[in-house]
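S.K.: Attaching a single structure in structure tokens format; questions to follow.
The values are calculated or read from the model by the stated rules, or taken from the named source; none is laboratory data. These figures come from a predicted structure and were not determined experimentally. When we count neighbours, we look across all protein chains shown, and the Cβ atoms used for this are built from the backbone with ideal geometry, even at glycine. Ligands, DNA and RNA are stripped out before the accessible areas are found, and what is left, the full protein with its side chains, is counted by its heavy atoms. Shrake-Rupley method; radii C 1.70, N 1.55, O 1.52, S 1.80 Å.
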Amino acid sequence: MATDSARPGIVTIGECMIELSGQGDGWKMGFAGDTLNTLWALHALCPDRPATYVSAFGDDPFSRDQIAFFGRHGIGIGASPVIAGARPGLYAITLTGAERAFTYWRADAAARQLASDPAALAKNLENQSLVYFSGITLAILEERARDSLFAAVKAARSAGSLIAFDPNYRPRLWQSKDEAQAAIARALELTDIALPTFPDEQALYGDASPETTAERIGAQVKEVVVKNGEQPALIQAGGQAQSIAAVHVAQPVDTTGAGDSFNGGYLAARLAGYAPAEAARRAHKVAAAVVQVRGALAPFEVLREAFRA
């Protein structure tokens, strides 16, 4: 996959939340969210490509801090709306060993209005090398807003952007499995690279194996990478299937954001011209580095060193 200098940018679409993570007897505040975690890795590994996080933001101090945080790390927000009186969602991570549990406060988050201005949304996706979104992006939107998102993604793809999508099924965000399946099916119709996670697909579709997932999604999408935690990732591309072993980490610190960072590593490698198998190997190394630090966003140099290894 050759670099297209006419479309240098990378865009991800979704919700950035306030992240509270337990640190000793207190809490540390940061920012994270599945599509932001992926953009963070992509931006670290593709620093010459402008990075834009497309969402909607409030005008409260926390939202201003979010936008300032992005700016300090070279990430823009394009024409994302800033909505008076709105505020970001919040989640807290509690850990048992390295395994995490999440508590959310997000029902009225500003990001639910990311498609409130369809023209601005479409403008954000123009002239981009890569557009990435997820099932969580879809789940936080009302049906009309999803329609606006799909229209913008379809236009970007027609104009030459590569479209990547992670179904990232979270049952609590959907009214029913039927609603989730219908929305995800529409997204896959527009997708060039799908990055599902097997346990999510098993929960939503009853898939018996990663091979079942790859075959089902591969009927719509030309390149599928089925993640499966510490198990091998299964790639189906070019009519062939291949398993790529994960990198074992004996004592992970925090598994938050591992799959999102795998996505970022994989997409960065594909944009750099690596074949799918090599891209997955590098992505596994990136994910392994992320689980050895606290929080979803590892330092850029940690990600770069893992990617180069």
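S.K.: Criterion first (of a type in the set (A, V, I, L, M, F, W, C), at negative phi and either open to solvent by less than 10 Å² (accessible area, probe 1.4 Å) or in contact with a Pro (Cβ under 8 Å, 6 or more places away or on another chain) (or both)) does residue 90 satisfy it?
M.R.: no
S.K.: Hey, any hits in region 17-39 for a residue that's modelled with pLDDT of 95 or more, open to solvent by less than 10 Å² (accessible area, probe 1.4 Å), part of a strand (DSSP E or B) and more than 21 Å from residue 306 (Cα to Cα)?
M.R.: For region 17-39, residues modelled with pLDDT of 95 or more, open to solvent by less than 10 Å² (accessible area, probe 1.4 Å), part of a strand (DSSP E or B) and more than 21 Å from residue 306 (Cα to Cα): absent.
S.K.: Sticking with this one: Quick one: which of 289, 269 is part of a helix (DSSP H, G or I) and open to solvent by 10 Å² or more (accessible area, probe 1.4 Å)?
M.R.: 289
S.K.: Report, by residue number, each residue of region 40-61 that is closer than 21 Å to residue 93 by Cα and either modelled with pLDDT under 95 or touching a Ser or Thr at 6+ places or on another chain (Cβ under 6 Å) (or both).
M.R.: 41
S.K.: Still on this structure, I have one more. It is to be established whether one or more residues within region 292-309 are under 14 Å from residue 195 (Cα atoms), open to solvent by 10 Å² or more (accessible area, probe 1.4 Å), in contact (Cβ under 8 Å) with a residue 12 or more places away in the chain and not in a loop (DSSP other than H, G, I, E, B).
M.R.: Looking for residues that are under 14 Å from residue 195 (Cα atoms), open to solvent by 10 Å² or more (accessible area, probe 1.4 Å), in contact (Cβ under 8 Å) with a residue 12 or more places away in the chain and not in a loop (DSSP other than H, G, I, E, B), one finds none in region 292-309, hence no.
S.K.: Among the numbered criteria (1) outside any strand (DSSP E or B); (2) surrounded by 24 or more Cβ atoms within 10 Å (Cβ to Cβ), which single criterion is violated by residue 53?
M.R.: So residue 53 meets the others, but not (1).
Residues are listed down the side, and each one gets a yes or a no for (1) modelled with pLDDT of 95 or more; (2) surrounded by 19 or more Cβ atoms within 10 Å (Cβ to Cβ):
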| site | (1), (2) |
| --- | --- |
| 82 | yes, no |
| 107 | no, no |
| 124 | yes, yes |
| 130 | yes, yes |
| 138 | yes, yes |
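S.K.: Any idea how many residues of region 209-259 are part of a loop (DSSP other than H, G, I, E, B) and either open to solvent by 20 Å² or more (accessible area, probe 1.4 Å) or not polar (S, T, N, Q) (or both)?
M.R.: Residues that pass the stated criteria total 24.
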